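Written out below as structure tokens is the structure these notes cover.
The values are calculated or read from the model by the stated rules, or taken from the named source; none is laboratory data. Model, not experiment: these values are computed from the prediction. Don't worry about glycine lacking a Cβ; one is built from the backbone with ideal geometry, like all the others, and counts go over all protein chains shown.
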Amino acid sequence: MIRLFVYLILFFALIYWLYGFFSSQRPSAPGKPSHRKFRSAVSRQDWAQVYETALRDEALRIQARLEEEGIECIICEQGKKDIYGKPLPGIGMIVPKTSLALAQKIISRLLV
């Protein structure tokens, strides 16, 4: 009889621990980050493509220069395909719309 109670207590403790571990509806305390598994690293603002190149090294060089100036920059590969189904060799540079003019000036100075 005592074994049954011990097994029941262990079983309910395990269920309680699993519920707490897999629960996604935990409220977070003020000042602490939430426990979301997938959180966007990109801020929620409008973005625009400012430059496109076929060379990944050039894109990385421009991204580094823009980030030195304090402009957020994302490199993205184009999802377009030609009529034969082959992907186009385009790598885009995306910046926030608020930094678009400054990014264009910096890129134009780099390419001269």
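Tabulated data
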quantity: Unique residue being under 16 Å from Q49 (Cα atoms), exposed (fewer than 11 other Cβ atoms within 10 Å of the Cβ) and not polar (S, T, N, Q) when the list is G85, G79; calculated: G79
quantity: Residue pairs meeting the criteria (Cβ under 9 Å; at least 6 apart or on separate chains; first within 20 Å of Q78 (Cβ to Cβ), in the stretch 91-112; second surrounded by 13 or more Cβ atoms within 10 Å (Cβ to Cβ) and basic (K, R)); calculated: I107/R65
quantity: Strands (runs of 3 or more DSSP E) within the stretch 36-112 that include 2 or more residues among the charged types (D, E, K, R), at pLDDT below 90 and at positive phi; calculated: none
